[in-house]
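Values in this text are rule-based calculations from the coordinates and carry no lab data. Note that this is a predicted model, so its numbers are computed, not measured. With ideal geometry, Cβ positions are generated from the backbone for all residues, glycine too; neighbour counts draw on all protein chains shown.
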Amino acid sequence: MTDGENQKSNAVVTTGTGWERELYYDDDLSKHPVVRELSAVFPDDFLDAVRFRNETTIYVTPARFRDIAMYMRDHEKLQINFLSDLTAVDMLNLRTAPRFDVTAQLYSIPNRVRLRMKTSIDDGQSVPSLVPVFNGANWMERECYDMFGIFFEGHPNLRRILLQDDWDEGHPLRKDYPTRGWKDFPVYNKERTIRRTKTRWTGRGV
Amino acid sequence: MEPTKTEFNVMESTQTDYSGTLMVEDEHELASGERVMTLNMGPQHPSTHGVMRVLLKLDGETVIECDPMIGYLHRGTEKLSETKRYAQIVPWTDRLDYTAAPQNNLGYVLAVEKLLGLNVPERAQYWRVIMVELSRLASHLVWLGTHALDIGALSMSLYTFREREMIMDIFETFCGARLTTNMMEIGGFSRPLPDTLIEQIRNFLRVFPNRITEYTDLLTANPIWLARTKGVGVITPEAATSYSLTGACLRGSGINYDIRKADPYLVYDQLDFEVPLGQFGDVFDRYLVRVEEMRQAHKIITQALNYIEHDDRPMMAYESAYVMPPHMGTMTTAEDMQRHFVWVIKGFSAPIGEVYHAIEHGKGEFGIHIVSDGGSMPYRMRIRTPDYVNLGVLPHMAQGAMLADMVALIGTIDIVLGSVDR
């Protein structure tokens, strides 16, 4: 194995190069390699970075959501090559606009670091699909469409996955969707045609 | 530009004909002059491990396309957990992957502890490792028995369920339940260990290595098993990474990613074990990886038990607003009873923020993403189950496979439909 291949397959461990693993967990977020690179390459589309419980969240614009994921995947040193999870959060009760946060949990297998990438969109606005970058995004985005009604632009097969295809009640994980659904559910024994029986615990019937 | 439904190939709500969802039409004529045949496998097919339906387009016996249809067991756990307090969600996680309930409990509990910033005593962490590795064994044993049963080795399940029974008995001694254990608590374990527990685990550890040899004697050199598994369902390392596979599906293709090593949680960095890797990424390699994982799990349990056996330090995080107050004082002092009552009725308020915590489940990466708005219930809880994501590779694997191999391909992913559908 030549030196170049070795460097590519392993995390960079030499000190002072600016790519050490410790920098990903440094308190000073501007030293974070992803933050440093993205603010240089995508100055308009890289919005913010937040640190909580040793996890880094970056906020990007929806227009370049896919481009930034592609850039970080193909970058020689960052190598964020694994999509752990893709989901959305309905921010209805927390802020006025925009409505949704689309959240991708990314991971770098060679560097062993996690990164959360978020983008905020309004209801009806679409996000570029991550399927061209990671094939695994296919089912995650289908579930996200199913549960939140978010459109992913460029997805090959965007239809419901967990709910049935003729589900006509909307998207259940939205905050304005009641837990029991919109439809009336049947009430058993409403007319009391069946006699009440006393139970041992309550003393009254069911 | 306003996106429309037709633009994204979204099915209309009134349209229930499934044939249009696949790219190959029924009327499509093949080069050989034959017609494409559509076959509906499931949802009652025994090898789909529950209720999953696979729609197959066949050219003779060769699968052209396949479309897994899931959701028959969807219970909306993510939606329900937005209406439950943090401590109330633990029993719901039992019902995800019901062959490995302690691992689901652990994944959830660790995520909440990360959100709260809670430190759990070392003794509780070791006991968590022991229980989780036992549960990993139980999960792998169910997989091995049913996977071999699908392929045709009927007697395997008789052997593997014998050892699983011993593990279930250990769980019953430890927490009173066998399948839906509800074992982990936020902050550690609040109850003392039963007297016979360690002896029971020792008995299991004594017999288990020989039992693994029994399994491998039955299968590893069996010509029928080799013919059905070698070179079937090959996943290249690039495809495995791109499809976000985790667990044995990823390591069977030779990619070294085990969260216990890469990002150690609990006390895994103090234990000595190895991560087995496959070479060719076929069904047989994934079988070998899982069998070796069982041996490593046995090694981990032995080490952890040797270390923690004669330890009698506390098992619960002490004096914290986030853990359940001890039961002892509630019967005698009013203050303790009030604290206990308020904790049970109101719960605790978690800090504002969001965390994602992933553990190495028996089937892959089990991750919980919690968004907290400072209340006593999660604002949003996302459950990333390993087999849901792993099942996404089935259409890729099934392309060009034989119809008879479909059961091997479904079995090798190791799915449990409770975990896929949530």
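Quick look at the values:
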| read-out | value |
| --- | --- |
| Computed Rg/Rh of chain B, alpha carbon atoms with Kirkwood Rh | 1.01 |
| Cubic angstrom per residue, convex hull over Cα atoms of the range A:67-163 | 99 |
| Volume per residue of the C-alpha convex hull in the range B:26-185, rounded to whole Å³ | 154 |
| Net charge dipole size for the range A:21-153 [Lys, Arg +1 and Asp, Glu -1 on Cβ; Debye, nearest 20] | 340 |
| Binned Cα-Cα distance frequencies in the range B:323-421 - 10 Å width, integer % | 13, 25, 22, 19, 12, 7, 2, 0 |
| Contact order relative to length of chain B, as percent, for alpha carbon pairs under 8 angstrom and 6 or more apart | 24 |
| For B:238-245, mean number of other protein chain Cβ atoms within 10 Å | 6 |
| Estimated vicinal HN-Hα couplings, Hz - the range A:48-58 in sequence order (Karplus 6.51, -1.76, 1.60; Gly, Pro = x) | 7, 9, 10, 10, 8, 6, 6, 10, 9, 10, 10 |
| Helical contribution to [θ] at 222 nm, DSSP H n ≥ 4, -39,500 (n - 2.57), averaged over chain A, rounded to 500 | -5500 deg cm²/dmol |
| The range B:151-259, Rg to Rh (Cα coordinates; Rh as Kirkwood inverse mean 1/r) | 1.08 |
| Simple Cβ-charge dipole of chain B, Lys/Arg +1 and Asp/Glu -1, about Cα centre, in debye nearest 20 | 1000 |
| Residues whose placed amide H lies under 5 Å from that of B:Glu365, excluding near-sequence neighbours | B:Thr246, B:Gly247 |
| Farthest toward positive dipole pole in the range A:21-153 [+1 Lys/Arg, -1 Asp/Glu at C-beta], among A:Tyr107, A:Val133, A:Met91 | A:Tyr107 |
| Value at 222 nm in deg cm²/dmol, rounded to 500, when DSSP H runs of n ≥ 4 in chain B each add -39,500 (n - 2.57) | -13500 deg cm²/dmol |
| Residue-count net charge about A:Pro132 - beta-carbon cut-off 13 Å; Lys, Arg +1, Asp, Glu -1 | -2 |
| Taking the range A:21-153 and dividing mean pair separation by its residue count, relative contact order in percent (alpha carbons under 8 Å, at least six apart) | 21 |
| Test item: A:138-145 mean partner chain Cβ contacts at 10 Å | 4 |
| For B:Glu133, B:Glu78, order by how many other beta-carbon atoms lie within 10 Å, fewest first | B:Glu78, B:Glu133 |
| C-alpha center-to-center spacing [the range A:27-101, the range B:117-164] in angstrom | 37 |
| Full-extension gain in nm, B:His310 to B:Leu193, via 0.36 nm per residue minus C-alpha separation | 40.9 nm |
| Around B:Asp258: net Lys/Arg minus Asp/Glu count, Cβ-Cβ under 9 Å | +2 |
| In Å, descending, principal axis extents of the Cα set of the protein assembly as shown | 82, 79, 63 |
| Taking the convex hull of Cα positions in chain A, its mean projected area over all directions (nm²) | 18.8 |
| Tilt relative to chain B, helix B:334-346 - C-alpha long axis, 0 to 90 degrees, to 10 | 20 |
| Computed over the range B:83-132: relative contact order in percent, which uses C-alpha pairs under 8 Å that are six or more apart | 30 |
